[in-house]
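The values are calculated or read from the model by the stated rules, or taken from the named source; none is laboratory data. On a predicted model such as this, the values are computed, not experimentally measured, just so you know. Here Cβ is always computed from backbone atoms with ideal geometry, including for glycine, and neighbour counts include all displayed protein chains. Just the protein is used for accessible areas: all its heavy atoms, side chains included, with ligands, DNA and RNA removed. Shrake-Rupley method; radii C 1.70, N 1.55, O 1.52, S 1.80 Å.
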Amino acid sequence: MDEITYRLAETADDPAVLVGLHDAAARWMVAHGVDQWKPGGKDEEHFRLRIAQGEVWLAEAAGRVVGGFELWWEDEPAWGPQPPVAGYVHRLMVDRSCAPAGTGRAMLARAERRIAASGRVWSRLDCMASNPRLRTYYEGAGYAVVGEQPFKEGAGGSRYGVTLLEKRVAQEEPPPRAPGVRLPSAGPGQPRRKTATVRGGTVKVPEAGS
């Protein structure tokens, strides 16, 4: 397997590269019946913003970009307000035309090491609730389902359900958990919700029969 190296994305040329990675991954998902991303779903401005606000990493092998991922230090749309005990992995993207086998799992491990090095204990991520294939992939990498967020807000105000997963990546005990963290109440015409506990707080799930 070619050695994979990593570097932080820069705002000059890398947003276009990241859009290409995203759209190629999205086309693969559509072709294989995976309900997660759609081509054109993220533009260069999205990646410029993520580079400015957090960390975006590119993976390279044999002189080519073969993948990338975003690393956030908070994720209120999916997890609600949380204490600083976790890093949140988003948009794990692989160029299947040139990436060595195992690149996706290698990038996930790289993200986990970065989170642990930052002093945080948990690696967290989410996937669409309608995507059991991706959930199985993450469970195979050691992640456990800890909750659901049925009303995550996306582009244009759309709402969709996601499954919340996490993995312990460091042994240090986290700071005290935030008590009773709750997401905003359901709006008109949305199902009532009850809370489901996740580490660091609670998220809301639909009432039975709603």
Might you check whether a residue that is within 17 Å of GLU74 (Cα to Cα), modelled with pLDDT of 65 or more and not in a strand (DSSP E or B) occurs anywhere in the stretch 188-204?
-> no
Being of a type in the set (A, V, I, L, M), out of contact with any Pro (no Cβ under 9 Å at 6 or more places or on another chain) and modelled with pLDDT of 95 or more, is that true of even one residue in the stretch 66-87?
-> yes
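Is one or more of the residues making up the stretch 101-117 assigned to a strand (DSSP E or B) and either open to solvent by 20 Å² or more (accessible area, probe 1.4 Å) or not small (Gly, Ala, Ser) (or both)? Walk me through how you get there before you give the answer.
Residues of the stretch 101-117 assigned to a strand (DSSP E or B): none.
Scanning the stretch 101-117 turns up no residue that is assigned to a strand (DSSP E or B) and either open to solvent by 20 Å² or more (accessible area, probe 1.4 Å) or not small (Gly, Ala, Ser) (or both).
Results for (1) touching a Gly at 6+ places or on another chain (Cβ under 7 Å); (2) among the β-branched types (Val, Ile, Thr); (3) touching a residue at least 24 places away in the same chain (Cβ under 8 Å), shown as yes or no for each residue.
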| position | (1), (2), (3) |
| --- | --- |
| GLU45 | no, no, yes |
| LEU49 | no, no, no |
| GLU70 | yes, no, no |
| ALA99 | yes, no, yes |
| THR103 | yes, yes, yes |
| ARG133 | no, no, yes |
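Checking the conditions here, which among ALA52, ALA16 is part of a helix (DSSP H, G or I), open to solvent by 80 Å² or more (accessible area, probe 1.4 Å) and not hydroxyl-bearing (Ser, Thr, Tyr)? Step through it out loud before you land on a result.
Working: ALA16 fails: open to solvent by 80 Å² or more (accessible area, probe 1.4 Å).
It is ALA52.
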